[in-house]
Amino acid sequence: MSFNEKKDSVEYPSHVDTALVYDDDDAALAALGYKGSFAREFTNLGTISFAFSIMGLCSSIATTFNTPLLSGGPASAVWCWILGACMCCTLGASIAEIVSAFPTCGGLYTASAQLVPPKRRAIVGWVVGWMNILGQVAGVSSTEFGLSNMIWAAVVIARPDVEITQGKVVGLFVGLLIFHGLLNSLATRHLARFTVGFVFVNLGTTIIIIIVLLATTGKANMHPASYVFGSGGIDNQTGGWNTGLAFLFGLLSVQWTMTDYDATAHISEEVRRAAYAAPAAIFIAVIGTGSLGWLLNIALVLCSGDLADLPGPSGSAFLAIMNMRMGTAAALFLWTFVCLTAFFVVQTALQACSRTVFAFSRDHGLPDRGYFGSITNWTRTPLPAVWLSVFLSIIPGLLDLASPIAANAIFSLTAIALDLSYIIPIFLRRLYRNHPEVVFKPGPFYMPGLLGWAANITCITWTCFVVVIFSIPTLKPVTAQNMNYASVITVGVISCSLVWYFFGGRKHYHGPVSNLDKTSSEGSVQEDNKSA
């Protein structure tokens, strides 16, 4: 990776000072056709903390650890993580490169429309916008749903006589979402200050859990290397799928954890020196989460005890292992911080989701006449978009009332919808690289030559592969109760959005729209009023 210092080689509109374009956030945004709508309150540390928090390392692994462990076995949890993490690095770097060139709150949605000829901008922006919103809503919903289950799992450990019903899980899920909506209604300066400490809780909790697990597990109780890394740790529990496929189901944990990379892009209009800070934060978070996550998975498997005893009464294999090795008091104490990390994930994910909804509505992608693309004056944040995001995120969680197994589809849905929305702009950038009407202007963060091509091709190929894996039900025989509805929902939403586009959406949506003229006219009116 390198930072482009050849600023004079990039052609910007005449009103933009090329000498300042990377350091002047307003000039960089104006070059893309926008005037900032938010206060830039996020510092470099706050931006990095946001990027780490959106992945929520220890809480995300705690939420999804059952899938690799109980599908392909312990070795699946270890090897699928490092395999997926390496592939995610290529995707994260490719996204960071585009975010650096297009530091707007629309993120890859805005970038996609700019990387195609003008006549295709509307349809591309429409599809990517809806797919990205779908993935982000599913991400907020699945994380909050996971947090609800984690809290009830702790209750079961502390009070084994308490009966946990689906109604209780969903009720807590809805209550938590509403509380997060209230927090996201605060002004940006409060959100920025709140976010700074997230990274320390996230990484600190993970490191402490690794150390305490290893310290409290005697060497005689640790599994051998063949169990952690070898064939001794492969255990097909899918009920009929072949072992190779069962092993690959373990990819869900890493792909769900290491997603929503572009969330940092969606707050780029609230970040200082966004063209530098946003992509750097994405890349640092991907490397850090991938590396530390692998160590955590190894420690968990090494100390996991008898596989037949997992996931235990709590339903969480992660918590069961902690409880077995540390004792109830220590396990619940550390579990509090794991839940706190998940709480931070939802906080940052909901903020990113609301900014995507805001950007899409601002461009008339919703039939709301721009209502959800408006800023509330007293907070300078998009409150209508925040509460629409809360409402939409409640809907997937209601699946649990019908089938707890089917509800797990929202985890696959997150990875499928978001990752597909990511590879579209990456693919388009290469497809139209020589088109006379498309000019990709690299930002400070870029991958030159073969390095860029290799990363782009790898992440596109990998994403297509995992989308197929995540569309397959994890249990056999397949029934209505354990069916994986992720692919059905994704295809359904995209198909409905396309029908809507051709029969009505294209009348009001023409791709990302500049707001420079609008804000300039508003400013003139205000000046005239002052003069009067």
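Pairing each residue of the stretch 71-100 that is under 17 Å from S60 (Cα atoms) with any residue that is not in a helix (DSSP H, G or I), provided the two are 6+ apart or on different chains, yields C-beta distances under 6 Å for S76/G250; A77/G250; C80/G250; C88/M258.
Restricting the stretch 343-389 to residues that are of a type in the set (G, A, S), in contact with a Leu (Cβ under 9 Å, 6 or more places away or on another chain) and surrounded by fewer than 24 Cβ atoms within 10 Å (Cβ to Cβ), which is farthest from V513 (Cα to Cα)? The extreme case among them is S374. Return the residues of the stretch 325-342 that are open to solvent by 10 Å² or more (accessible area, probe 1.4 Å) and either part of a loop (DSSP other than H, G, I, E, B) or among the hydroxyl-bearing types (S, T, Y) (or both); say none if nothing qualifies. G327, T328, T336 - these are the residues of the stretch 325-342 that are open to solvent by 10 Å² or more (accessible area, probe 1.4 Å) and either part of a loop (DSSP other than H, G, I, E, B) or among the hydroxyl-bearing types (S, T, Y) (or both).
Which of the helices (runs of 4 or more DSSP H) contained wholly in the stretch 346-437 include at least 2 residues that are closer than 27 Å to K35 by Cα? Lay out the reasoning, then the answer.
Details: elements: 383-397, 399-402, 404-407, 409-431.
In the stretch 346-437, 383-397, 409-431 are the helices (runs of 4 or more DSSP H) which contain 2 or more residues that are closer than 27 Å to K35 by Cα.
Going by the structure shown, is H180 over 30 Å from G73 (Cβ atoms) and either assigned to a helix (DSSP H, G or I) or more than 22 Å from the chain's Cα centre (by Cα) (or both)? Yes.
Restricting attention to the stretch 455-484, report how many residues are part of a helix (DSSP H, G or I) and either β-branched (V, I, T) or in contact with a strand residue (DSSP E or B) (Cβ under 8 Å, 6 or more places away or on another chain) (or both). The number of residues fulfilling the criteria is 9.
Filter the stretch 152-167 down to the residues that are out of contact with any Phe, Trp or Tyr (no Cβ under 9 Å at 6 or more places or on another chain) and part of a helix (DSSP H, G or I) and list them by number. Please lay out each step first, then the result.
Residues of the stretch 152-167 out of contact with any Phe, Trp or Tyr (no Cβ under 9 Å at 6 or more places or on another chain): 152, 155-156, 158-161, 163, 165-167.
Matches in the stretch 152-167: W152, V155, V156, A158, Q166, G167.
Listed by first and then second residue, the pairs with beta-carbon distance under 9 Å, at least 6 apart or on different chains, first residue in the stretch 360-380 and of a type in the set (V, I, T), second surrounded by 23 or more Cβ atoms within 10 Å (Cβ to Cβ), are I375/F358; I375/T381; I375/P382; T376/P382. When R193 is tested against (1) more than 27 Å from I489 (Cα to Cα); (2) touching a Leu at 6+ places or on another chain (Cβ under 6 Å); (3) open to solvent by 10 Å² or more (accessible area, probe 1.4 Å); (4) not β-branched (V, I, T), only condition (2) is not met. Look at the stretch 486-503: where a residue is closer than 19 Å to S412 by Cβ and a partner is of a type outside the set (A, V, I, L, M, F, W, C) and not in a helix (DSSP H, G or I), sitting 6+ places away or on another chain with Cβ atoms under 8 Å, you get A486/S471; S487/S471.
Can you find, within the stretch 466-507, the residue that is nearest to C80 (Cα to Cα) among those that are touching a Leu at 6+ places or on another chain (Cβ under 9 Å) and open to solvent by 50 Å² or more (accessible area, probe 1.4 Å)? So the residue we want is T474. For the stretch 510-519, indicate whether the set of residues that are open to solvent by 60 Å² or more (accessible area, probe 1.4 Å), under 17 Å from V124 (Cβ atoms), at pLDDT below 90 and of a type outside the set (S, T, Y) is non-empty. Checked against the condition, which is being open to solvent by 60 Å² or more (accessible area, probe 1.4 Å), under 17 Å from V124 (Cβ atoms), at pLDDT below 90 and of a type outside the set (S, T, Y), the stretch 510-519 yields at least one hit.
Within the stretch 128-145, not a single residue is open to solvent by 10 Å² or more (accessible area, probe 1.4 Å), farther than 18 Å from I395 by Cβ and either outside any helix (DSSP H, G or I) or in contact (Cβ under 8 Å) with a residue 12 or more places away in the chain (or both). As for the stretch 430-453, it holds no residue that is modelled with pLDDT of 85 or more and touching a Gly at 6+ places or on another chain (Cβ under 6 Å).
Got a sec? Which helices (runs of 4 or more DSSP H) wholly within the stretch 213-324 have at least 3 residues that are at pLDDT 90 or above and not basic (K, R)?
225-228, 243-248, 251-257, 274-302
Answer yes or no as to whether A75 is closer than 30 Å to L300 by Cβ, open to solvent by less than 10 Å² (accessible area, probe 1.4 Å), in a helix (DSSP H, G or I) and in contact with a strand residue (DSSP E or B) (Cβ under 7 Å, 6 or more places away or on another chain). Against the criterion (closer than 30 Å to L300 by Cβ, open to solvent by less than 10 Å² (accessible area, probe 1.4 Å), in a helix (DSSP H, G or I) and in contact with a strand residue (DSSP E or B) (Cβ under 7 Å, 6 or more places away or on another chain)), A75 does not qualify.
The values are calculated or read from the model by the stated rules, or taken from the named source; none is laboratory data. Because the structure is a prediction, the values reported are computed rather than measured. As a convention, Cβ positions derive from the backbone with ideal geometry for all residues, glycine included, and neighbour counts pool all protein chains shown. Heads up: the accessible areas ignore ligands, DNA and RNA and are worked out on the full protein's heavy atoms, side chains in. Shrake-Rupley method; radii C 1.70, N 1.55, O 1.52, S 1.80 Å.
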